[in-house]
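Peer 1: Handing you a structure now.
The values are calculated or read from the model by the stated rules, or taken from the named source; none is laboratory data. Not measured: the values here are computed from a predicted model. Neighbour counts are summed over all protein chains in view; Cβ atoms, including those assigned to glycine, are modelled from backbone coordinates with ideal geometry.
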């Protein structure tokens, strides 16, 4: 059938792209603030990692609620509230003087805002696209790479020029305004605008809009596949957040300058853009399962290389291949939920998977920080990542191939 001249779904992709860039990029930039905070307060690395871990736990807990609210109310209202909390938590960091404030401002307030960044953008994308869901999800997640590349560099420059307190005010205010503004472009699903997913079909009236297909929340919770996916992403985030939080301090520990170390983190973000897009296209062609298997094999190999990386060029080579695997793993999370369980309760189901991943992401950096504080090295922490990544690969291999079609 004839397509409309312009499909509103592309606005959804643009909005999701911006939300990912601002939200995830700003959150990842915490690694750039690591050493300035250590210098000013003398807290342990485990203590600082714990604040980011608390933000992830809070984000995961509220993510279940966000997913349900997105299913019922739509994304605009939820994103407005989340954007306010996200920016507010960062702005409050300018008044940081004690550990309880760190955990309240960054761990709780920013964590509440963080809860909507992935769920709103990716769940909405899953509803607007079916045939091209993988590719469009990949495009949205390219925004994450843009944010990971640019915002740590911007934060590093701001810290040098104005100090970390003023930098948090600037970054927080900009993030708050832009997240709220961009979120106003979002619409829950195409049916509410008289459209069909992918923009393929003729315009339908409200009375003819198609019912959403897939499992109910209760039905999905009774399947082995759902809890396997939860465990996969718990293990994945355990590994990935260890790298993203500790790669900058690890690099400076082996003699790399702080600016060059921030460049490694930004390089991961830049390379991950290619990984996100390529994985998105691959998902549409070969499926989520095989795409994820490829990403986890690459992740294990590159973590082994990290043990040998003692010079800057070696860390940049690590960033190239790790960034590709990192981007691919994150891209597959929303499409695999839709592939196995449909979009009927996608927000709520994605919220639970997101919570599982946040638990892994919260525990990983704290474990790595404690290992460093105890041993003075990240060696054991990085070996732990390899073991956990191998476990995740085995879980993916255990998933059946048919997804929604076989189970229903």
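Peer 1: Name the residue, out of 27, 34, 7, 62, that is out of contact with any strand residue (DSSP E or B) (no Cβ under 9 Å at 6 or more places or on another chain), part of a helix (DSSP H, G or I), in contact (Cβ under 8 Å) with a residue 60 or more places away in the chain and within 26 Å of residue 276 (Cα to Cα).
Peer 2: The unique qualifying residue is 27.
Peer 1: Sticking with this structure for a sec: Which one of the conditions (1) farther than 22 Å from residue 323 by Cα; (2) touching a helix residue (DSSP H, G or I) at 6+ places or on another chain (Cβ under 6 Å); (3) in contact (Cβ under 8 Å) with a residue 24 or more places away in the chain does residue 127 fail to meet, given that it meets all the rest?
Peer 2: That leaves (2) as the condition not met.
Peer 1: Six or more apart or on different chains, Cβ under 8 Å: which pairs go from a residue in the stretch 256-273 that's farther than 13 Å from residue 25 by Cβ to one that's modelled with pLDDT of 85 or more and not in a helix (DSSP H, G or I)? Could you list them?
Peer 2: Taking only residues 6 or more apart or on different chains, the pairs are 264/256.
Peer 1: Further question: Would you confirm, using the coordinates I've provided, whether residue 104 is more than 18 Å from the chain's Cα centre (by Cα), without any contact (Cβ under 8 Å) to a residue 24 or more places away in the chain and under 23 Å from residue 166 (Cβ atoms)?
Peer 2: Against the criterion (more than 18 Å from the chain's Cα centre (by Cα), without any contact (Cβ under 8 Å) to a residue 24 or more places away in the chain and under 23 Å from residue 166 (Cβ atoms)), residue 104 qualifies.
Peer 1: Sticking with this structure for a sec: Taking the stretch 167-213, which residues are out of contact with any helix residue (DSSP H, G or I) (no Cβ under 7 Å at 6 or more places or on another chain) and modelled with pLDDT of 95 or more?
Peer 2: 174, 177, 181
Peer 1: So, restricting to helices (runs of 4 or more DSSP H) that lie completely within the stretch 212-307, which ones have at least 1 residues that are closer than 29 Å to residue 45 by Cα?
Peer 2: It comes to 224-253, 258-286, 288-306.
Peer 1: Residues 158, 114, 139, 122: which one is part of a helix (DSSP H, G or I) and over 17 Å from the mean Cα position of the chain (by Cα)?
Peer 2: 158
Peer 1: Which numbered condition trips up residue 313, out of (1) over 19 Å from the mean Cα position of the chain (by Cα); (2) under 23 Å from residue 143 (Cα atoms)?
Peer 2: Result: residue 313 passes all but (2).
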